[in-house]
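Trainee: Below are the structure tokens for one structure; questions will follow.
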Amino acid sequence: MKRSILLVALLGTAGLAQEKSMTTFNFDTDTPGQAPKGFQFGLTGKGRPGQWVVQAVDDAPSGKNVLVQTDGDGTDYRFPIAYTGPELKDLRLSVKCKPIRGKGDQGCGIIWRLKDADNYYITRANALEDNVHLYHVVKGRRDRFAGWNGKVTSGAWHELAVEMVGDHVQVFFDGRKVIDEHDGTFKDAGKFGVWTKADSIIQFDDLTAIAK
């Protein structure tokens, strides 16, 4: 895991400097075969909790390592998560993800404003369904409140990103805005991370959070 924190000075409309922090995890200093440092792991739903390990791959978007959830337990309502900090409220969160396999699902997701394994926002792209959906998870129950239908290719790297300021949520897939919605379920800062569903085997790289 490589974690970089950059302070970027931007001029606001009143001519005052505003500082924004960026945190990036690319896993390149982590040891392949082991869990990444600085992350916690959890499970929403049922089934096995998941096995998150760092792997070295030839086509990593940056460096040599990626993060993979390797347990293909096919329990339907099973959502392994890996999350970290700092806690953020308004943010832009992005990840590179590659669906590898899964007969029931190939869902690659990012989570934010996470309170615990049963309460958070999630947007995910699914290569078997060819769509991107936006949910809130409250007390372990996942409810979709927006979505987009479009090609999500298995075996290829994609970029999934979200920007949330206040209750305004925008989701981007491969650089294109695909969802623009409002939701006030979670109003406080929380941790962020990545998510899979059921038997999905997904590679992740370059998880980046920018405070807004």
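The values are calculated or read from the model by the stated rules, or taken from the named source; none is laboratory data. The model shown is predicted, which means the values in this text are computed figures rather than measured ones. Counting neighbours? That spans all protein chains shown, and the Cβs are built from the backbone with ideal geometry, glycine included. Note: areas computed on protein heavy atoms with side chains; ligands, DNA, RNA excluded. Shrake-Rupley method; radii C 1.70, N 1.55, O 1.52, S 1.80 Å.
Trainee: Select from region 129-151 the residues that are touching a Lys or Arg at 6+ places or on another chain (Cβ under 8 Å) and without any contact (Cβ under 8 Å) to a residue 40 or more places away in the chain and write down the one among them that is nearest to residue 111 (Cα to Cα).
Mentor: Within region 129-151, the match that is nearest to residue 111 (Cα to Cα) is 135.
Trainee: Using beta carbons and a limit of 9 Å, which pairs, at least six apart or on different chains, have the first residue in region 176-201 and within 17 Å of residue 83 (Cβ to Cβ) and in a loop (DSSP other than H, G, I, E, B) and the second one open to solvent by less than 10 Å² (accessible area, probe 1.4 Å) and hydroxyl-bearing (Ser, Thr, Tyr)?
Mentor: Hits for this filter: 186/120; 186/121.
Trainee: How many of the residues in region 64-94 are under 27 Å from residue 104 (Cβ atoms), in contact (Cβ under 8 Å) with a residue 40 or more places away in the chain and among the charged types (D, E, K, R)?
Mentor: Final tally of qualifying residues: 3.
Trainee: So, of the residues in region 87-139 that are charged (D, E, K, R) and in a loop (DSSP other than H, G, I, E, B), which turns out to be most open to solvent (accessible area, probe 1.4 Å)?
Mentor: Taking the candidates together, the pick is 103.
For every residue, the table says whether it meets (1) closer than 14 Å to residue 135 by Cα; (2) of a type in the set (S, T, N, Q); (3) open to solvent by 20 Å² or more (accessible area, probe 1.4 Å).
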position: 155; (1), (2), (3): no, no, yes
position: 160; (1), (2), (3): no, no, no
position: 165; (1), (2), (3): no, no, yes
position: 171; (1), (2), (3): yes, no, no
position: 176; (1), (2), (3): no, no, yes
position: 186; (1), (2), (3): yes, no, yes
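Trainee: Hey, another quick one. Mind listing whichever residues of region 18-75 are open to solvent by 40 Å² or more (accessible area, probe 1.4 Å) and among the acidic types (Asp, Glu)?
Mentor: Answer for region 18-75, where residues must be open to solvent by 40 Å² or more (accessible area, probe 1.4 Å) and among the acidic types (Asp, Glu): 19, 58, 59.
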